[in-house]
Amino acid sequence: MQRKAAASPGLLCVLPWRVTGAAWACRLHSILTSSDSHDPPFSSVPEKPPPARIKRRTKPSATATTTSTKPRHTGGDRFPVHSDLPFDFRYSYSETDPCLRPLGFREPPRFSPFGPGRLDRTWNGVSAPAPAEEKPAAERAAVLGAPLTESEIEELVERYRHSDCSRQINLGKGGVTHNLLDDIHNHWKRAEAVRIKCLGAPTLDMDNVCFHLEDKTGGKIIYRRINILLLYRGRNYDPRRRPVVPLMLWKPRAPIYPRLVKNAAEGLTFEETKEMRSRGLNSPALMTLTRNGVYVSVVEKVREAFKTEEVVRLDCSSVETSDSKKIGVKLRDLVPCVPILFKKGQIVIWRGRQKQSSVDHQEPQDQA
């Protein structure tokens, strides 16, 4: 009892007021026994909490149900999307051959990359075919308008050709993809031209890239330097009347195509093909290709090498396997040549019988 009594004065010294023990007891008794609700000891506690508000769900009106079934454009809330573009929708237009039919599919063809019920076209595993209607060429010419003068072209080139241009699109290994068309039209809302920087396997055939850009967008290439392009939208282009480009929600898996490299090359026996492969692997590499590089000069260098060499090797150790096969397919069609080996990042190509016979005929004429 003495210890508790001794400790009480120290506690009272901490309080903002210093009162005696009797006065403190009276003050505490008055607080506890007070019945005044307007002067509570700490804070007033309501006797009964207010009732919670219940939100009533309203039934959808008849107008809302009727408008939800109309077709919509991109960015709206109506499905399915209808597009007047006259070509078949594909994932890539420049890197696929519509004439080549696949042997099979790695995923069911009924799974459309546009999403279920979002497009009024049927996906067949490779493309979404367009209706039979053809868009007249006069409509595209009307959008382009009169040709640009040299001074107008120089002004546009000087404005958009620099690397710090904000109106730039990078074209990668997928080439001219379907969603790339929507990006181009989005840039054309606020700019007359768009700068396109091409990298990877599509740069082997820049003519093909330029063709598909002009054909699928309706624009005009006004500048081309190595892998840099400027795509002009046209004098009479109206962003409010731009074509509807439904977006792909995911990249479809590539179908199964015939083998690119056979056990025995066409025109050679198995032993001769095996000897050609060993010669190619042991020969010095003609070029070393980098990942996402610019391959504009590869075709010409391979053609020059085939004038003196029968087998050529390309070092693609830093390139992905899928990209190296795309490079082999393009070289087969552009040079032309015969790919005979893809191994450990190395591409070995043979010039073929027809190329060899033409070289043999030219040698006697040069000697004469």
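The values are calculated or read from the model by the stated rules, or taken from the named source; none is laboratory data. Fair warning: this is a prediction, and the values are worked out from it, not measured in the lab. Glycine also receives a Cβ, built like all others from the backbone with ideal geometry; neighbour counts cover every protein chain displayed. Protein only, heavy atoms only, side chains kept; ligands, DNA and RNA dropped before computing areas. Shrake-Rupley method; radii C 1.70, N 1.55, O 1.52, S 1.80 Å.
In the range 259-350, carbon and sulfur make up what percent of the accessible area (probe 1.4 Å)? Please list the in-between numbers first.
Details: 2500 of 5020 Å².
Carbon-and-sulfur percentage of accessible area, whole number: 50.
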### Message
I'd like the distance separating the alpha-carbon centroids of the range 224-277 and the range 118-158, in whole Å.
### Response
19
### Message
For a 19 Å ceiling on Cα separation, which of these pairs sit above it: 173/343; 274/344; 262/326; 262/343; 301/343?
### Response
173/343; 301/343
### Query
What net charge is computed for the residues neighbouring residue 125, neighbours being all others with C-beta under 12 Å from the C-beta of residue 125, Lys and Arg scored +1, Asp and Glu -1?
+4
### Task
Starting at the first residue of the range 169-186, write each ³J(HN,Hα) from the Karplus equation 6.51 cos²θ - 1.76 cosθ + 1.60 with θ = phi - 60°, in whole Hz, x for Gly and Pro.
10, 8, 9, x, 5, x, x, 7, 8, 5, 5, 5, 4, 5, 5, 5, 5, 5
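Length gain on complete extension for the stretch residue 130 to residue 301, per 0.36 nm per residue less the alpha carbon to alpha carbon distance?
Here the segment from residue 130 to residue 301 would lengthen by 57.6 nm.
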### Task
Multiply the residue gap between residue 146 and residue 53 by 0.36 nm, knock off their C-alpha separation, and tell me the result in nm, one decimal place.
26.9 nm
### Task
Based on the mean of other Cβ atoms within 10 Å per residue, sort peptides 137-150, 289-302, 248-261, 167-180 so the most packed one is first.
167-180, 289-302, 248-261, 137-150
### Query
Of all GluC sites (Glu not before Pro) in the range 252-282, which ones are in loop regions per DSSP and have a Cβ with at most 16 other Cβ atoms within 10 Å?
266
